[in-house]
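See structure below.
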Amino acid sequence: MKYVAILRGINVSGKNLIKMDALRISMEEFGFQSISTYIQSGNICFESKLNNPVEIASKIKDGIEKNFNLNVPVLVFKEEEFDKIVDENPFVKQSNFDTKFVHVTFLESELDKNLIPHLHDKCSESEQLFCQGKAVYLYLPTGYGTTKLSNNFIEKKLKNLATTRNWNTCLELQKILIG
C-alpha cells in the first residue's frame with residue numbers, strides 16, 4: 001500500500017536538520033519500500049505492508065527520534081486519502097484563484113466543525129479558507145509568510161496536529177504516488 005508522510009518542522013531556518021538521503025536510509029531500516037522524498041522539508045512517499053497510518057506515523061516518529069535525536073511530528077496518509085484531499089481543493093476548481101497562493105494544512109484527525117469559526121476570526125479580508133475532513137484549504141494572496149493562519153494557530157484552535165504545504169508540493173507528491 002502507498003503512503004505519504006509529511007514531517008513538520010524539519011530543515012526550517014537551520015533547525016531540525018535531516019538530510020533526505022539519511023531519511024530515506026532510515027525509512028528502509030523502518031521496513032518501508034519504494035521510498036521517494038520531495039524537497040528538503042520532509043515529504044516522503046513510500047510503500048508499506050502495514051495498514052494503519054497512525055501506527056506508521058508512530059514508527060517513523062520513533063525512528064527519527066532514535067536515528068536523528070529529533071522529536072518531529074509526523075502525519076501519514078494512505079494514497080487514496082491524500083488524493084481525496086488534493087482532489088477536493090475548492091480553490092483550484094475555480095479559475096479566479098491563482099494557485100501559487102493556495103496552501104493545504106493537513107490535519108492528523110478529522111476536524112471538529114464546531115471549531116472552524118475560530119479560524120475565520122484570524123482570516124484577513126483578502127484571505128479565504130475552507131475546512132473539510134483532514135484539511136484546511138487556504139487561499140493567501142499576500143503569501144503564507146504574512147498570514148496569521150499558521151500551523152501553530154490552526155493547531156491551537158482546532159486542537160489537532162497540523163502541517164502546511166503549498167499547492168505545488170501537494171501536486172508533486174501526488175505525481176510521485178502515481179509513479
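Taken over the stretch 1-57, residues that are among the hydroxyl-bearing types (Ser, Thr, Tyr) and part of a helix (DSSP H, G or I) amount to 1. Taking strands (runs of 3 or more DSSP E) as the structural unit, those lying wholly within the stretch 58-171 and holding at least 1 residues that are among the β-branched types (Val, Ile, Thr) correspond to 74-78, 102-107, 135-139, 162-166. The combined condition, being outside the structural domain of Gly9 (by TED's automatic domain parsing) and crowded, with 18+ Cβ neighbours inside 10 Å, is not fulfilled by Ile116. Val86: under 22 Å from Gly143 (Cα atoms) and either touching a Gly at 6+ places or on another chain (Cβ under 8 Å) or surrounded by fewer than 16 Cβ atoms within 10 Å (Cβ to Cβ) (or both), yes or no? No, not satisfied. Residues in the stretch 6-50 that are small (Gly, Ala, Ser), surrounded by 15 or more Cβ atoms within 10 Å (Cβ to Cβ) and under 16 Å from Leu70 (Cα atoms) were compared, and the one that is modelled with the highest pLDDT is Ser26. Within the stretch 95-124, residues that are in contact (Cβ under 8 Å) with a residue 24 or more places away in the chain reach partners that are in a strand (DSSP E or B) and β-branched (Val, Ile, Thr) with beta carbons closer than 6 Å, at six or more positions or on different chains, in the pairs His103/Thr164; Thr105/Val136; Thr105/Thr164; Phe106/Ile6; Phe106/Thr163.
When you check Glu65 against the structure, is it of a type outside the set (Val, Ile, Thr), within 22 Å of Leu177 (Cβ to Cβ) and either in the same structural domain as Gly143 (by TED's automatic domain parsing) or out of contact with any strand residue (DSSP E or B) (no Cβ under 6 Å at 6 or more places or on another chain) (or both), yes or no? No: the conditions fail for Glu65. Picking from residues in the stretch 125-179 that are aliphatic (A, V, I, L, M) and free of Cβ contacts under 8 Å to residues at least 24 places away in the same chain, the one that is surrounded by the most Cβ atoms within 10 Å (Cβ to Cβ) is Leu129. Somewhere in the stretch 26-33, is a residue among the acidic types (Asp, Glu), touching a helix residue (DSSP H, G or I) at 6+ places or on another chain (Cβ under 9 Å) and free of Cβ contacts under 8 Å to residues at least 60 places away in the same chain? Scanning the stretch 26-33, I find at least one residue that is among the acidic types (Asp, Glu), touching a helix residue (DSSP H, G or I) at 6+ places or on another chain (Cβ under 9 Å) and free of Cβ contacts under 8 Å to residues at least 60 places away in the same chain, so the answer is yes.
The values are calculated or read from the model by the stated rules, or taken from the named source; none is laboratory data. On a predicted model such as this, the values are computed, not experimentally measured, just so you know. FYI the Cβ positions are ideal-geometry reconstructions off the backbone, even for glycines, and counts take in every protein chain you see.
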